[in-house]
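Here's the structure we're looking at; comments come further down.
Read the figures in this text as sums done on the coordinates, not as results from a lab. Everything numeric in this text was worked out from a predicted model, so none of it was measured. Cβ placement follows ideal geometry from the backbone for every residue including glycine, while neighbour counts extend to all protein chains displayed.
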Amino acid sequence: MPSDRMRVAVIGVGHLGRHHARILSTLDGAELVAVVDTLPGRAAQIAAGTGARALTDYREIVGHVDAVTIAVPTEQHREVALPFLATGTAVLVEKPMARSLAEADELLAAALASGATLAVGHTERYNPAVAAVMPLVTSPRFIEVHRLGVFPERSLDIDVVFDLMIHDLDVILSLVRSDVVAIEAVGVPVLTPKYDIANARLRFDSGCIANVTASRISKDRVRKIRFFQPDAYISIDYAAQEVEGWRLVRHDGARPTIEGGQIPVQRDEPLKRELADFLGAARERRAPVVDGAAGRRALALATRIAEKMDSV
């Protein structure tokens with residue numbers, strides 16, 4: 001592993017992968033050497049101006065790069081990632097990390113066997129607004145989430161739980177360090193054969209309850225999460241990267257007061273922070289912020305929610 005610039009390739013440069021290529025082509029410590037896509041024209045278009053090769057077959061670069069990011073359809077994650085992990089190449093695979101827990105376990109086992117870094121693209125964990133509240137959310141009792149998006153031309157191979165809700169499941173699991181003991185869930189296939197809108201109510205062993213709504217058929221875009229805990233309320237607007245926090249301050253012999261307001265957030269592009277952390281983790285032989293185990297936990301909870309919806 002080089003100490004200065006790592007040879008990196010992006011596999012799949014559609015809606016999201018093209019942003020991987022854009023960032024990696026300018027990121028310190030990275031040399032974008034290849035852009036891979038099954039559509040030759042798209043690969044050439046994204047590679048143009050970066051100095052990277054445009055390829056249509058990822059197998060050409062197995063063993064010839066230090067790291068890859070994979071943004072192909074979910075059903076191909078296992079097939080594409082395994083050869084790189086087997087050779088010790090660092091891999092960042094977009095969420096959900098695989099189409100099943102069995103496939104996720106294969107990726108984890110391959111990374112463990114070779115010592116390769118495995119990261120999962122839960123970008124919201126790198127949102128500066130989320131980072132700002134991490135020290136503040138200490139004992140949440142109720143969490144309310146709304147992630148609403150317009151009908152997309154992407155990710156329609158999976159339902160909205162794995163496409164959108166899984167982002168918030170990862171954030172919640174990172175803050176509520178407790179087992180989910182009960183799930184109520186409902187999903188509706190409105191415009192596609194898969195669930196386009198879903199709601200899940202999660203009860204944790206700690207007593208915390210999370211009410212999570214995700215939709216990809218809304219008129220407006222909303223990405224917000226709110227935390228309620230004893231004497232405190234914290235709200236995140238993911239898209240605006242804004243945080244509000246309010247708390248009850250008790251005074252001896254006097255009425256308590258409510259204090260708070262906007263919490264400072266140093267805005268930055270979450271995907272850039274994610275890719276920088278991934279390369280840093282590979283170079284320094286440390287775990288990334290969202291490693292394979294975290295990706296599997298989010299996938300496991302999303303799977304439980306989907307199974308509950310199917311049983312209704």
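To check you understand DSSP bridge types, tell me what percent of the beta bridges within the chain (both residues inside) are antiparallel, rounded to 5. Present the calculation step by step, with values, prior to reporting the outcome.
On the way: 43 of 71 bridges.
Given both bridge residues lie in the chain, the antiparallel proportion sits at roughly 60 percent.
Whole-Hz ³J(HN,Hα) for each residue in region 190-204, computed from phi via Karplus 6.51 cos²θ - 1.76 cosθ + 1.60 with θ = phi - 60°, x for glycine and proline: what do you get?
8, 10, 9, x, 9, 5, 9, 9, 8, 9, 10, 10, 10, 10, 9
With a 10 Å radius around each residue's Cβ, average the other Cβ atoms per peptide and rank 110-117, 215-222, 18-25, highest first.
So the order, starting with the most tightly packed, is 18-25, 110-117, 215-222.
Please name whichever of Thr26, Val222, Leu191 sits farthest to the positive end of the charge dipole of the chain, dipole taken about the Cα centre and charges placed at Cβ: Lys and Arg +1, Asp and Glu -1.
Farthest along the dipole direction, towards plus: Val222.
Who wins for biggest fluctuation among Pro264, Pro152, Pro189 in a Gaussian network model of the chain, springs between alpha carbons below 10 Å?
Comparing Pro264, Pro152, Pro189 in a Gaussian network model of the chain, the most mobile one is Pro152.
Which angle between 0 and 90 degrees, to the nearest 10, do you get for helix 101-114 versus the longest principal axis of the chain when only C-alpha atoms count?
The helix 101-114 is inclined about 60 degrees to the chain.
Among Arg125, Arg99, which comes first, then next, by fewest other beta-carbon atoms within 10 Å? Walk me through the numbers on the way to the answer.
Numbers: Arg125 23, Arg99 19.
Taking fewest neighbouring Cβ atoms as first place, the list is Arg99, Arg125.
Taking the Cα centre of region 6-121 as origin, work out the dipole magnitude from +1 charges on Lys and Arg Cβ and -1 charges on Asp and Glu Cβ, in debye rounded to 20. Walk me through the numbers before you get to the answer.
Working: 9 positive and 12 negative charges, 58 e Å.
Value, rounded to 20: 280 debye.
About the Cα centre of region 245-312, what is the dipole size in debye to 20, counting +1 per Lys and Arg Cβ and -1 per Asp and Glu Cβ, all else neutral? Walk me through the intermediate numbers first.
Values: 13 positive and 10 negative charges, 28 e Å.
Dipole size: approximately 140 debye.
As an exercise, use a Förster radius of 25 Å and the Cβ-Cβ distance of Gln45 and Val150 to find the FRET efficiency, rounded to the nearest 0.05.
Numbers: r = 25 Å, r/R0 = 0.98.
Rounded to the nearest 0.05, the efficiency is 0.55.
Consider the candidate values [x] 19.4; [y] 17.6; [z] 15.0; state which one is mean projected area of the Cα convex hull in nm² computed from the structure displayed.
Correct label is [y].
Where does the chain land at 222 nm, in deg cm²/dmol rounded to the nearest 500, when only DSSP H runs of n ≥ 4 count, each adding -39500 (n - 2.57), divided by all residues? Working shown, then result.
Values: 8 runs with 91 residues, N = 312.
Mean residue ellipticity, 222 nm, calculated: -9000 deg cm²/dmol.
Which value results when the Cα radius of gyration for region 6-121 is divided by 2.2 N^0.38 Å?
Its radius of gyration relative to the 2.2 N^0.38 Å reference: 0.97.
Considering the dipole of region 6-121 built from charges on the beta carbon (Lys and Arg +1, Asp and Glu -1) around the Cα centre, which of Tyr58, Pro73, Gln45 is farthest to its positive end?
Farthest towards the positive end: Gln45.
Based on the Cα coordinates of region 212-257, what is the per residue volume of their convex hull in Å³? Walk me through the numbers on the way to the answer.
Details: hull volume 3.9 nm³, N = 46.
Roughly 86 Å³ of hull volume per residue.
Given Cα pairs under 8 Å that are at least 6 residues apart, what percent is the relative contact order of region 6-121? Let's see the in-between values first.
Working: 243 pairs, mean separation 26.2, N = 116.
Worked out over region 6-121, it gives 23 percent.
Extending each Cα 7 Å along its Cβ direction at Ser206 and Asp310, get the distance between those two points in nm, one decimal.
3.0 nm
How far is the Cα center of region 23-55 from the Cα center of region 108-133, in Å?
22 Å
Quick one: putting +1 on the C-beta of Lys and Arg, -1 on the C-beta of Asp and Glu, what dipole do you get for the chain around its Cα centre, in Debye to the nearest 20?
Working: 37 positive and 40 negative charges, 77 e Å.
Dipole about the Cα centre, nearest 20: 380 debye.
On C-alpha positions alone, give me the angle between the axis of helix 270-284 and the longest principal axis of the chain, in degrees, nearest 10.
It is inclined by approximately 60 degrees.
Using alpha-carbon pairs under 8 Å, 6+ residues apart, how would you state the relative contact order of the chain in percent?
Numbers: 682 pairs, mean separation 56.1, N = 312.
Averaging sequence separation for qualifying contacts and normalising by length gives 18 percent for the chain.
Using only Cα atoms, tell me the angle between helix 77-86 and the longest principal axis of the chain; keep it within 0 to 90° and round to the nearest 10.
70 degrees
Length gain on complete extension for the stretch Ala300 to Ala254, per 0.36 nm per residue less the alpha carbon to alpha carbon distance? Don't skip to the answer; put the middle values down first.
On the way: separation 46, 0.36 × 46 = 16.56 nm, distance 4.82 nm.
Extra length from Ala300 to Ala254 when fully extended: 11.7 nm.
Pairs Lys219/Lys308; Lys95/Lys272; Lys219/Lys272: which exceed 24 Å Cα-Cα? Kindly include the intermediate steps, with their values, before the conclusion.
Values: Lys219/Lys308 27 Å; Lys95/Lys272 16 Å; Lys219/Lys272 28 Å.
Violating the 24 Å Cα-Cα cut-off are Lys219/Lys308; Lys219/Lys272.
Run the numbers on region 114-248 and let me know its relative contact order in percent, using alpha-carbon pairs under 8 Å that are six or more apart. Mind showing how you got there, number by number?
Details: 266 pairs, mean separation 44.0, N = 135.
The normalised contact order for region 114-248 reaches 33 percent.
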